[in-house]
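Trainee: Okay, here's the structure, questions in a sec.
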Amino acid sequence: MDIMNFWNDLPQPFFILAPMEDVTDVIFRHVIKQAAAPDVFFTEFTNATGWVHAGQKAIGGRLLKADDEYPLVAQIWGGEPGDMEKLATHCRDLGFHGIDINMGCPAKSAIKSGGSALIRKPDIAIASIAAAKTAGIPVSVKTRLGYTSVDEWSDWLTVLLQQDITNLTIHLRTKKEMSKVPAHFELIDDIVSLRDRIAPQTKLTINGDIADRQQGMKLWHDHSGIDGIMIGRGIFHNPFAFEINPRDHSREELLNVLNLHLDLFDAYNAEIPRRFDPLKRFFKIYVKDFPGAKEMREQLMQATTTDAVRTIINESSASLTSTS
Ligand SMILES: Cc1cc2nc3c(=O)[nH]c(=O)nc-3n(C[C@H](O)[C@H](O)[C@H](O)COP(=O)(O)O)c2cc1C
């Protein structure tokens, strides 16, 4: 059966906003789409077994999406292929355009059953991919180089590339390295050769320590054969990390992005009831690099509602106008 496969219609290289738990929900994806969009978005990861046993209650707003999101990949994880099959089918029915299986998360809670634990359980990894494929939408995998040692990369990635997946994203570190050492860019050419030999049809996406589109483009030029670049934490330093022609952004532009985030937070509040406090983590992404940003951030940290945040922004803008 031919399946719709957006991965075949992407530019070279394509850029992906990395899946990040408590960050890349429907709200933040829309903020970044408006600021400077990547080519592909992923959801935060959703646990298959949790969903199968406890349903919606177990997953909150993780799979909430909007009709204007394309292409959007649902990232799932777990250690029970049967549960992966059920959740993958549910994601297809929700209208996602692909399934990505997380085989790289190093968190203690994840490795009890899935995440990077699958690096040590290749049979389950293989069965999970086969199970997700039964949903009939493209299946990709995101993983690390190995569990304990960098030398594991060749055997582990061989296993994955033999499964005829659509895209393989590699966070260029081992599980043990967490994010404590620089990403192993020196392995990119060898990984490309392995992919070319085993699965030339599988797209290869590189991830880890890539700050923005410009650094991604340089890597792509320096290492021929990479198809995609995935950026995660870079977005915390620069909400415009995916922009094609980088430039300085004015205070007004940055605050407009913050206002959009606030509006979306309120708009989705009914569907995903959220606490206000975690929203504060995002303020420093937007409120920086302009005179008075530090003072404004200090005030924002005292706010307890989105309206209080808006008042701080408006008063600060009004005082700027009156002194100029
Ligand atoms: C706050 C946070 C949450 C994350 N959640 C996920 C997740 O749900 N799924 C996943 O595959 N990786 C997750 N990651 C890992 C990132 O997707 C990415 O692989 C990692 O941050 C390295 O890329 P970077 O250097 O561009 O940030 C998370 C990372 C961070 C910082």
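The values are calculated or read from the model by the stated rules, or taken from the named source; none is laboratory data. It should be emphasised that the depicted structure is a prediction, and the values quoted were computed from it without experimental measurement. Quick reminder, even Gly has a Cβ in these numbers, built from the backbone with ideal geometry, and neighbours come from all protein chains shown.
Trainee: Might you let me know whether the range 170-177 holds any residue that is over 21 Å from F41 (Cβ atoms), away from the ligand (no atom under 16 Å from the Cβ) and out of contact with any helix residue (DSSP H, G or I) (no Cβ under 8 Å at 6 or more places or on another chain)?
Mentor: No; the residues of the range 170-177 include none that is over 21 Å from F41 (Cβ atoms), away from the ligand (no atom under 16 Å from the Cβ) and out of contact with any helix residue (DSSP H, G or I) (no Cβ under 8 Å at 6 or more places or on another chain).
Listed here are the residues, each with its yes/no results for (1) in the same structural domain as I137 (by TED's automatic domain parsing); (2) under 24 Å from G208 (Cβ atoms); (3) more than 16 Å from the ligand (Cβ to nearest atom).
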position: G78; (1), (2), (3): yes, yes, no
position: G82; (1), (2), (3): yes, no, yes
position: E85; (1), (2), (3): yes, no, yes
position: C91; (1), (2), (3): yes, no, no
position: G95; (1), (2), (3): yes, no, yes
position: D100; (1), (2), (3): yes, yes, no
position: C105; (1), (2), (3): yes, yes, no
position: K108; (1), (2), (3): yes, yes, no
position: G114; (1), (2), (3): yes, yes, no
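Trainee: Please find, within the range 130-152, the residue that is nearest to the ligand (Cβ to nearest atom) out of those that are touching a His at 6+ places or on another chain (Cβ under 8 Å) and outside any loop (DSSP other than H, G, I, E, B).
Mentor: For the range 130-152, the residue satisfying everything is K142.
Trainee: What is the number of the single condition among (1) out of contact with any helix residue (DSSP H, G or I) (no Cβ under 9 Å at 6 or more places or on another chain); (2) surrounded by 17 or more Cβ atoms within 10 Å (Cβ to Cβ) that A54 does not meet?
Mentor: With respect to (1) out of contact with any helix residue (DSSP H, G or I) (no Cβ under 9 Å at 6 or more places or on another chain); (2) surrounded by 17 or more Cβ atoms within 10 Å (Cβ to Cβ), A54 is out only on (2).
Trainee: I'm trying to understand the selection: among the residues of the range 46-68, which are within 14 Å of K86 (Cβ to Cβ) and assigned to a helix (DSSP H, G or I)?
Mentor: Matches in the range 46-68: A48, T49, G50, W51, V52, H53, A54, Q56, A58, I59.
Trainee: So which residues in the range 262-279 are modelled with pLDDT of 95 or more and either over 16 Å from L64 (Cβ atoms) or outside any helix (DSSP H, G or I) (or both)?
Mentor: L262, D263
Trainee: Only residues that are assigned to a loop (DSSP other than H, G, I, E, B) and surrounded by fewer than 24 Cβ atoms within 10 Å (Cβ to Cβ): list them for the range 106-125, please.
Mentor: Across the range 106-125, the qualifying residues are P106, A107, K112, S113, K121.
Trainee: Those residues that are in contact with a Pro (Cβ under 7 Å, 6 or more places away or on another chain), over 20 Å from P71 (Cα atoms) and crowded, with 21+ Cβ neighbours inside 10 Å, I need them from the range 126-180; list them, please.
Mentor: Listed by number, the residues that qualify are S128, A131, K175.
Trainee: Here's a check for you: in the range 14-30, which residue that is buried (at least 20 other Cβ atoms within 10 Å of the Cβ) and not hydrophobic (A, V, I, L, M, F, W, C) is farthest from Q215 (Cα to Cα)?
Mentor: Only one residue fits best here, namely D25.
Trainee: Related question: Being within 11 Å of the ligand (Cβ to nearest atom) and not aromatic (F, W, Y) is the filter here, so list the residues in the range 21-53 that pass it.
Mentor: Within the range 21-53, E21, D22, V23, T24, D25, T43, E44, T46, N47 qualify.
Trainee: Have a look at I198, I191 and point out the one that is modelled with pLDDT of 95 or more, surrounded by 22 or more Cβ atoms within 10 Å (Cβ to Cβ) and in contact with a helix residue (DSSP H, G or I) (Cβ under 7 Å, 6 or more places away or on another chain).
Mentor: I191
Trainee: Let me ask something else about it. Just give me the residues in the range 182-198 being more than 22 Å from L118 (Cβ to Cβ) and either polar (S, T, N, Q) or within 12 Å of the ligand (Cβ to nearest atom) (or both), in sequence order.
Mentor: P182, F185, S193
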